[in-house]
Amino acid sequence: MASGENRRVVVMTAGGQNPTIVINALHARYPDLHVIEESPESKLEIWRRRAKRLGVLQATGQLATMIAARLLRKAAQTRVDEICKTFRLDPNPNPQIPVHKVASINDANTLAHIADLNPAVVLLVSTRLLSRHALSAMPCPVLNLHAGINPAYRGQMGGYWSLVEGDRENFGATVHLVDAGTDTGGTLYEVRTTPAKGDFIATYPMLLTAAALDIVARAVADAVNGTLAPTAPTGPSHLRFPPALWTWISVGLTRRIW
């Protein structure tokens with residue numbers, strides 16, 4: 001590290017093509033980048049948590065939508081390949097980037113590894129929620145790439161819900177500081193884009209991730225340089241979840257928003 005300056009970046013993720021394009025883009029700027037990859041939460045764990053919060057019916061309907069979207073994986077991959085080509089993205093893992101695999105980003109061994117790495121910034125991309133304890137143990141700012149504009153589209157499927165609500169101008173992504181809430185931390189940067197005709201619920205996140213690479217780089221640079229300038233998100237705040245299967249199909253058939 002030049003002149004003793006800490007430019008180490010850690011990305012924590014549950015894996016997948018979306019985080020990989022972020023990791024590869026950042027690695028081009030920060031060669032001393034490390035990845036901590038957690039095991040994804042099981043569908044049963046997610047269902048139990050949502051059933052407790054939203055009820056069994058809604059939780060089951062949301063799970064059904066995710067299963068249905070997976071059945072369209074081939075169509076989604078075709079569009080993802082188009083997005084990667086358009087934005088000149090690399091969705092393939094780089095074997096030169098060190099990856100430390102853990103069960104959860106909240107585990108004690110994860111926190112010990114972070115302490116050993118002593119990064120200048122930690123970026124979350126597609127992970128479970130960081131616990132209060134884990135957040136308090138972080139030696140540096142923790143940022144999150146969120147596929148939605150906060151605070152109106154916190155949680156999941158922010159791009160989809162902006163379209164459903166007739167709010168196409170807020171089809172976008174946010175990079176924000178992580179606090180104890182769900183996408184409630186101070187906003188660092190936002191970006192907005194427009195979905196193509198072939199986009200649907202399984203491709204919106206990739207499009208938003210691709211569009212957000214520049215603001216991710218800016219936010220990480222601010223953290224490394226000690227110039228973070230978060231602003232409080234304003235306006236109505238809503239925590240979003242995937243649509244139940246019947247909602248997704250109804251909206252798709254009547255309004256052509258899939």
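A229 fulfils the conditions (1) closer than 25 Å to V164 by Cα; (2) loosely packed, with under 15 Cβ neighbours inside 10 Å except for a single criterion, (1). Within region 111-128, being farther than 16 Å from P19 by Cβ and surrounded by 15 or more Cβ atoms within 10 Å (Cβ to Cβ) holds for L111, H113, I114, L117, P119, A120.
When region 32-46 is limited to residues that are surrounded by fewer than 17 Cβ atoms within 10 Å (Cβ to Cβ) and in contact (Cβ under 8 Å) with a residue 12 or more places away in the chain, the one that is farthest from I21 (Cα to Cα) turns out to be K43.
If only residues of region 241-258 that are within 19 Å of I67 (Cβ to Cβ) and under 22 Å from the mean Cα position of the chain (by Cα) are counted, the one that is surrounded by the most Cβ atoms within 10 Å (Cβ to Cβ) is W248.
Give the residues of region 171-202 that are among the β-branched types (V, I, T) and either touching a strand residue (DSSP E or B) at 6+ places or on another chain (Cβ under 7 Å) or crowded, with 16+ Cβ neighbours inside 10 Å (or both), sorted by residue number. The answer is T174, V175, V178, T182, T184, T187, V191, T193, I201. Quick check: is even one residue across region 84-107 of a type outside the set (V, I, T), surrounded by 12 or more Cβ atoms within 10 Å (Cβ to Cβ), farther than 18 Å from T209 by Cα and modelled with pLDDT under 95? No, that holds for no residue.
Mind telling me which of the residues T254, T247 ends up being part of a helix (DSSP H, G or I), touching a helix residue (DSSP H, G or I) at 6+ places or on another chain (Cβ under 8 Å) and closer than 30 Å to Q62 by Cβ? When all the criteria are applied, what remains is T247. Residues in region 194-219 that are closer than 24 Å to T13 by Cα, part of a loop (DSSP other than H, G, I, E, B) and among the polar types (S, T, N, Q): 1 in all. Only residues that are hydroxyl-bearing (S, T, Y), more than 18 Å from L130 (Cβ to Cβ) and modelled with pLDDT of 95 or more were counted across region 26-44, and they come to 1. Taken as a whole, the structure leaves D222 outside the set of residues that are in a helix (DSSP H, G or I), surrounded by fewer than 15 Cβ atoms within 10 Å (Cβ to Cβ), in contact (Cβ under 8 Å) with a residue 12 or more places away in the chain and of a type in the set (D, E, K, R).
Candidates are the residues of region 1-25 that are at positive phi and assigned to a helix (DSSP H, G or I); the one that is modelled with the highest pLDDT is G4.
The values are calculated or read from the model by the stated rules, or taken from the named source; none is laboratory data. Owing to the predicted nature of the structure, the values given are computational and were not obtained by experimental measurement. Using ideal geometry, Cβ is built from the backbone for each residue, glycine included, and neighbour counts are taken over all protein chains shown.
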